[in-house]
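The values are calculated or read from the model by the stated rules, or taken from the named source; none is laboratory data. Here the structure is a predicted model, which is why all the values come from computation and not from measurement. Cβ sites come from the backbone with ideal geometry, for glycine too, and all protein chains shown count toward neighbours. Only protein heavy atoms, including side chains, enter the accessible area calculation; ligands, DNA and RNA are left aside. Shrake-Rupley method; radii C 1.70, N 1.55, O 1.52, S 1.80 Å.
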Amino acid sequence: MQDRSNQSHTTTTGPTLKKGLRARHMTMIALGGSIGTGLFLASGTAISTAGPGGALLAYAAVGIMVYFLMTSLGELATFMPDSGSFNTYAARFVDPALGFAMGWNFWYNWAVTIAAELAAATVLIKYWFPDSSSMLWSLLFLVLIFALNILSVKGYGESEYWFAIIKVATVIIFLSVGVLMIFGILGGEAVGFSNFTVGDAPFHGGFFAVLGVFMAAGFSFQGTELIGVAAGESENPRENVPRAIRQVFWRILIFYILAITVISLIIPYTHPNLLKGDLENIGVSPFTLVFEKAGLAIAASVMNAVILTSVLSAGNSGMYASSRVLYALARDGKAPRFLGKLNKRGIPMNALLVTTAVGMLAFLASLFGDGIVYTWLLNASGMCGFITWLGIAISHYRFRRAYVAQGRDLRDLPYRARWFPFGPIFAFVLCIIVILGQNYQAFTGDQIDWSGALVAYLSVPLFLILWLGYKWIKKTKVVPLQECDFTPTESSGIKE
């Protein structure tokens with residue numbers, strides 16, 4: 001018997017998800033999800049690897065891809081705001097089995113991200129307290145983000161708003177200081193554009209170097225899709241989601257492109273410390289290097305504090321998003337029923353507790369070493385984010401085709417993505433390139449690096465097992481365009 005769970009939802013008079021997220025929350029959730037360690041740390045390695053021109057080209061290409069993905073998600077989320085987001089859209093407009101796999105893939109990705117970010121936070125805090133206990137800090141930070149999520153959805157929204165404000169303010173101050181240095185107003189002699197011609201700049205390392213940065217840049221932008229989950233608890237998704245998407249694209253592109261340009265102009269790509277900008281070497285973050293060159297001696301401590309708020313923000317967002325998607329899976333019969341319960345404040349407590357338990361994996365940091373565990377946990381989540389993006393592109397393409405096939409008027413859509421079908425097709429192709437080329441180096445040597453390939457591509461077979469396994473067990477089929485379900489989803493949970 002074919003699975004029809006994408007078309008049936010639990011109806012109840014019990015507690016419901018609260019519509020507590022305002023326009024400013026939505027904007028900062030999407031914006032804050034993209035400005036983090038990818039910008040503050042990875043940008044230096046990108047410039048060092050591919051030169052200033054290569055880094056700018058790679059980040060610009062990924063920024064354009066993310067724009068199309070966000071417009072696709074915007075069209076879906078304004079028409080059908082739902083905390084299940086990607087899995088709900090995939091189940092309704094493609095195949096219930098794809099929705100099942102998308103939901104569990106997204107939950108796994110962000111649940112593991114909580115643990116990874118907590119492990120990262122212990123590394124960062126040891127900048128000030130080198131001999132302190134990793135387990136103690138992991139526990140304190142886990143309690144903090146759990147408390148922010150257990151209060152109310154508004155508590156999550158407010159905390160993310162202020163986390164994002166800190167990051168945005170840091171980037172604005174950085175850009176202002178950088179421009180003053182470029183023209184010699186601050187820091188002594190004007191540097192101008194000389195560093196764009198050092199060595200073989202602006203492009204260094206050839207095509208494969210740019211391709212490698214392109215892969216890494218994709219991770220920097222992951223988190224923008226959280227706006228789709230948050231739409232289910234937005235006060236006015238039909239206005240707030242499009243506004244957030246329009247503002248976020250330009251701000252992200254400006255922040256990333258301008259920041260990389262400023263770094264490249266002030267610090268030559270040949271600078272040896274650009275390669276060391278990681279969690280254990282905050283003193284040589286590209287932002288720190290620029291601030292120190294401007295004569296700001298406390299730059300390392302300030303940037304360490306900012307990056308700490310960034311990883312806590314990512315953990316906070318991971319806790320929120322993964323618990324909501326797990327709740328939606330339970331609501332649609334794709335996860336154990338007890339995970340679909342809401343308390344009186346509209347919080348999916350059981351889903352939140354299960355997700356928090358996964359976050360406790362961070363405690364392993366005290367046993368195996370902080371940096372090792374952080375790297376292992378990030379590799380464990382692998383390419384889950386790119387798989388989510390791929391699913392968004394496919395779901396939007398099918399949504400629009402089904403919408404037209406059923407004789408609906410495109411002018412009735414609350415928000416319409418531009419450049420259809422080019423947008424989702426372009427995003428689909430680039431995501432495929434990123435997924436297939438994630439660790440192409442493993443296959444280019446004299447011998448295949450099976451260990452490196454396993455770490456890089458583990459997420460792909462796991463996703464296929466979820467997708468094809470559910471499809472085989474439930475005998476699901478691709479939903480015909482004429483049968484795609486456009487009725488509103490239920491936002492209520494299972495009464496406790």
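Can you compute the charge dipole magnitude of the chain about its Cα centre, using +1 on each Lys and Arg Cβ and -1 on each Asp and Glu Cβ, nothing else charged? Give it in debye, rounded to the nearest 20.
Approximately 1640 debye in magnitude.
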### Task
Return the tail of the calculated pair distribution for region 91-198, meaning the percent of Cα-Cα pairs more than 22 Å apart.
63
### Message
Heavy atoms of the protein only, probe of 1.4 Å, neighbouring chains included. What is the accessible area of Lys471 in Å², nearest 10?
### Response
60
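Going from most exposed to least, what order do Trp104, Trp450, Trp250 have by accessible area with a 1.4 Å probe? Don't skip to the answer; put the middle values down first.
On the way: Trp104 55, Trp450 175, Trp250 155 Å².
Largest to smallest exposure gives the sequence Trp450, Trp250, Trp104.
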### Relative contact order computed over the chain (Cα-Cα under 8 Å; 6+ residues apart), in percent
36
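I need the peptides 297-304, 234-241, 475-482, 105-112 ranked by packing, meaning the mean over residues of other C-beta atoms within 10 angstrom, with the highest value on top. Numbers along the way, then the final one.
Values: 297-304: 16.8, 234-241: 20.6, 475-482: 14.4, 105-112: 25.9.
In decreasing order of mean packing, 297-304, 234-241, 475-482, 105-112 become 105-112, 234-241, 297-304, 475-482.
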## Note on the structure
For Lys19, the lysines lying under 25 Å Cα to Cα, once residues fewer than eight places off in the same chain are dropped, come out as Lys154, Lys334, Lys341, Lys344, Lys495
### Task
Show me 192-202, 348-358, 40-50 ranked by packing, highest mean number of other Cβ atoms within 10 Å first.
40-50, 348-358, 192-202
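Sum -39500 (n - 2.57) across every DSSP H segment of at least 4 residues in the chain, then divide by the residue count to get the 222 nm mean residue ellipticity, nearest 500.
Working: 19 runs with 318 residues, N = 496.
That comes out to -21500 deg cm²/dmol.
As an exercise, find the ratio Rg/Rh for region 395-496 from alpha-carbon atoms, using the Kirkwood inverse-distance average for Rh. Intermediate values should be presented prior to the final figure.
On the way: Rg = 19.6 Å, Rh = 17.8 Å.
Dividing the radius of gyration by the Kirkwood radius yields 1.10.
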### Task
Return the whole-Å distance between the Cα centroid of region 390-423 and the Cα centroid of region 299-356.
29
### Query
So what is the accessible area of the chain per residue, in Å², with the probe set to 1.4 Å?
39
### Query
By average Cβ neighbour count within 10 Å, what is the ranking of 425-436, 314-325 from highest down?
314-325, 425-436
